[in-house]
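Working notes, beginning with the structure itself.
The values are calculated or read from the model by the stated rules, or taken from the named source; none is laboratory data. Since we're looking at a predicted model, the values are computed, not measured. Cβ placement follows ideal geometry from the backbone for every residue including glycine, while neighbour counts extend to all protein chains displayed. Note: areas computed on protein heavy atoms with side chains; ligands, DNA, RNA excluded. Shrake-Rupley method; radii C 1.70, N 1.55, O 1.52, S 1.80 Å.
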Amino acid sequence: MAEMETADGSQQRGFINKYNKDYYAGALMLFIGLGAAYQGSRYSIGTLSHMGPGFFPVSLGVLLALIGVAIALGAKSSVPPGPEKYLAPEWRGWICICLSIVAFIVLGKYGGLLPATFAISFISAMGDRGNTWKSALGLSLVMCVICVVVFWWALRMQFPLFQWG
């Protein structure tokens, strides 16, 4: 990688900085959104009251393209910060999030919806160093209540609340 000098005289490695990344991310989202809208328009779109199979991909594609344009315009108007400092990877967060997904799969299959929801929210919350076990417990209990109301009661998902084996 080549080094280049920034406006404040410090050396910066590589040619891709945060602002170029924002331009590239915005352009990528724009092109993916336009592609999804184009592919979705090949199906019947229908109307708002009788949506066809192409309605959802077209609307999501247009929304994604608009967000891509907003990201690219936001990169143009942002002010470059000082030199970036290296941050070590957050291994605790990575491990907790991956373990929570595994716990959800295992407990969802053998324990039911409530133990799986409690496990995924509690273990994921413990990945943040700012959370205590009490705040993670409170978050998990609230998530269990929301999960029961939305998925089991309102949507009537065929996922038992508790099961053994």
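For (1) over 23 Å from the mean Cα position of the chain (by Cα); (2) modelled with pLDDT under 95; (3) of a type in the set (S, T, N, Q); (4) within 24 Å of LEU161 (Cβ to Cβ), each residue gets a yes or a no:
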residue: SER77; (1), (2), (3), (4): yes, yes, yes, no
residue: LYS85; (1), (2), (3), (4): yes, yes, no, no
residue: ARG92; (1), (2), (3), (4): no, yes, no, no
residue: ALA103; (1), (2), (3), (4): no, no, no, yes
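Report whether or not PHE56 is open to solvent by 70 Å² or more (accessible area, probe 1.4 Å) and either over 30 Å from TRP152 (Cβ atoms) or polar (S, T, N, Q) (or both). It is false that PHE56 is open to solvent by 70 Å² or more (accessible area, probe 1.4 Å) and either over 30 Å from TRP152 (Cβ atoms) or polar (S, T, N, Q) (or both). Summed over segment 123-145, the residues that are under 27 Å from ALA88 (Cα atoms) and open to solvent by less than 60 Å² (accessible area, probe 1.4 Å) give a count of 8.
Look at ILE120 and say whether it is within 27 Å of TRP91 (Cβ to Cβ), open to solvent by 80 Å² or more (accessible area, probe 1.4 Å) and under 23 Å from the mean Cα position of the chain (by Cα).
Judged against the criteria, ILE120 is not a match.
Among residues of segment 16-30 being modelled with pLDDT under 75 and either surrounded by 14 or more Cβ atoms within 10 Å (Cβ to Cβ) or of a type in the set (Gly, Ala, Ser) (or both), the one that is nearest to ALA70 (Cα to Cα) is TYR19. The residues of segment 33-53 that are open to solvent by less than 70 Å² (accessible area, probe 1.4 Å), over 27 Å from the mean Cα position of the chain (by Cα) and among the aliphatic types (A, V, I, L, M) amount to a single one, ILE45.
Restricting the first member to segment 42-59 and to residues that are farther than 25 Å from PHE31 by Cβ, and the second to residues that are assigned to a loop (DSSP other than H, G, I, E, B), the beta-carbon pairs closer than 7 Å and six or more apart or on different chains are GLY46/GLY52. Might you let me know whether segment 101-109 holds any residue that is among the aliphatic types (A, V, I, L, M), in contact (Cβ under 8 Å) with a residue 12 or more places away in the chain, open to solvent by 70 Å² or more (accessible area, probe 1.4 Å) and not assigned by TED's automatic domain parsing to the domain that holds GLY26? Yes; the residues of segment 101-109 include at least one that is among the aliphatic types (A, V, I, L, M), in contact (Cβ under 8 Å) with a residue 12 or more places away in the chain, open to solvent by 70 Å² or more (accessible area, probe 1.4 Å) and not assigned by TED's automatic domain parsing to the domain that holds GLY26. Within segment 146-159, one or more residues are outside any loop (DSSP other than H, G, I, E, B), aliphatic (A, V, I, L, M) and either touching an Asp or Glu at 6+ places or on another chain (Cβ under 9 Å) or under 27 Å from ARG92 (Cβ atoms) (or both).
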